[in-house]
Every structure is written in C-alpha cells, then in structure tokens.
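Have a look at the structure below, then the notes.
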Amino acid sequence: MELFYSPLACSLASHIVCREADIPVTLRRVTLSTKEIEGGGSLFDISPKGAVPTLRRDDGSVLTEGPSVLQYLGDLRPASGLCPAFGTEERYRVIEWLNFVSTEMHKRVFYMMFTPESDDAAKAAARAAAPKKLDVVAKGLQGDGYLVGGGFTVADAYLFWWLTLAARVGIDTSGCAVIEAYKSRCAARPGVQAALGYEVAQTAR
Ligand SMILES: N[C@@H](CCC(=O)N[C@@H](CS)C(=O)NCC(=O)O)C(=O)O
C-alpha cells in the first residue's frame, strides 16, 4: 500500500496508525501546493480530491478522507485496539471523535485560519474558536487515558496531529493540564514518535 502524505499535514494521523499497528506502507510525499508527488506524478492522477491522506491499496483501489482511511487501517489490525470492533459502543465513540476533530477542529479552525478564502476577520474568528473546541476535548478525555476508554485509538492519532500543529501555529494549550498530560502520553508512544520524528525531519528538507 502507498500512503500519500505531506509532512505534518493531517495525514500524520494515518502515518501514526501505520507505525502503531506495524502496517507496511510506502510513504509517498506530496507537495500540497502543486500536488506533485516526489519521484514523479501528480496526486490528481491518484485522486480528484488532491488531498492527503490518500491511500492506494495493493489492488490499486484508492481510499480518501482521514476518518475512513484511519478506520480502514485500524481494522486491518483488530488486535491492536486502534479501532474497536464494529457494533460496539467504543466504535461509535471513535466515530464521534473522528467527526468532531474533522469538522469542528480541523476544518472549522485550521482550514479557516489558513485558506486564502478567509479574510483577516475570518482567520481571527477561526483562531478564537479553538478554546471552545479544546474545552470539549479536555472534558471528554478519560482521566489519565485517551479519548475512548480502553486505550489509544485512531481518534487519538487524529487529535494528536491537531494538537501538534496547534502548538506550531501559536494555539496555546499550556494552561490546560489535562491536555498537556494527554499530549505527553501520546508523544511517549513509540509509533507516534516514529511517525512524528520522520515527518519533522522531512520538513527540514
Ligand atoms: N476531507 C479531507 C480533507 C483533508 C485535508 O484537508 N487535507 C489537507 C492537508 S491537512 C490537504 O491535503 N489540503 C490540500 C488541498 O485540499 O488542496 C479529509 O478529511 O481527509
């Protein structure tokens, strides 16, 4: 399988899941502004969306949209617990968080902060929306654990990406001990370290 990614973009979550679950993927770096794939070709030739994450499976079929890619990858390794079984309460909680991070945090905050379609007022409003979203996250975190009882899931991989980028764009979470502890807990995981370390190194290129 090939995972089309861009360093520190939301595809980091899918990369983390591959590392956490030991899923072999070939990482294919994309320059988002031009859609060029390192080594040749355009992401538009793989998917008309031209967005990461994009997963091309061994049979040539292509899966897009972070929440579906994350669940697909997690389901490849049910024993990892990264994506609880279909039909369980935990699965619906994972989907609930994936949707929240995708729509309320990724698109409502980051997309609106960075798209050229936003004027300064819209950018400021997007940044100002972050604390309310983080409050929901802080209230939802399970004590000293993760978003969904039972351990680190694909939803945590997505949220961890958001928090990582937030720190880089000046969204300060240092006043929230629950979130800071959660970030440290995620960052201590070997799979998270491997994916993040790789992508941070890629940004230097
Ligand atoms: N709806 C997509 C959006 C993914 C997305 O916004 N990816 C960004 C990087 S974080 C991207 O590829 N942007 C480039 C573009 O859309 O042109 C998903 O949930 O996976």
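Nothing in this text is a laboratory measurement; each read-out follows from the coordinates by a stated rule. Computed from a predicted model, the values in this text were never measured in an experiment. Note: ideal-geometry Cβ built from the backbone for every residue, glycine included; neighbour counts use all protein chains shown.
When +1 charges are put on Lys and Arg Cβ atoms and -1 charges on Asp and Glu Cβ atoms, the dipole computed for the stretch 89-189 relative to its Cα centre reaches about 100 debye. Over the chain, Cα pairs under 8 Å with separation of 6+ residues give a relative contact order of 25 percent. Using Cα springs under 10 Å in a Gaussian network model of the chain, which residue among GLU65, GLU89, GLU20 shows the largest mean-square fluctuation? Its mean-square fluctuation being the largest, the pick is GLU89.
Close amide H contacts of THR54 (hydrogens built in the peptide plane, cut-off under 5 Å, sequence separation of 5 or more or a different chain): PHE4.
Note on the chain: Lys pairs 8 or more places apart or on different chains, Cα atoms under 28 Å apart, count 18.
The charge dipole of the chain, taken about the Cα centre with unit charges on the Cβ atoms of Lys, Arg (+1) and Asp, Glu (-1), comes to about 240 debye, rounded to the nearest 20. Calculated from the alpha-carbon coordinates, the stretch 164-205 shows an Rg and a Dmax of 11.6, 34 Å respectively. PHE160 sits among other residues whose Cβ lies under 15 Å from its own Cβ, and their net charge, with Lys and Arg +1 and Asp and Glu -1, is +2. When the Cα convex hull of the chain is projected onto planes of every orientation, the mean area is 11.6 nm². Assuming a ≥ b ≥ c are the square roots of the Cα gyration tensor eigenvalues, decide whether the stretch 52-138 counts as rounded (a/c under 1.5), prolate (otherwise, with a/b larger than b/c) or oblate. Here the stretch 52-138 falls in the oblate category. Rg then Dmax, both in Å and based on the Cα atoms of the stretch 89-189: 13.5, 42. For the stretch 106-151, what percent of Cα pairs sit more than 12 Å apart? Tail of the P(r) past 12 Å holds 63 percent of the pairs. For the stretch 89-189, relative contact order (Cα pairs under 8 Å, six or more residues apart, normalised by length) works out to 28 percent. Considering only ALA166, ALA128, THR103, the residue lying farthest towards the positive end of the dipole of the stretch 89-189 is ALA166, judged by Cα position with unit charges set on Cβ. Annotation: the antiparallel percentage among DSSP beta bridges lying fully within the chain is about 70.
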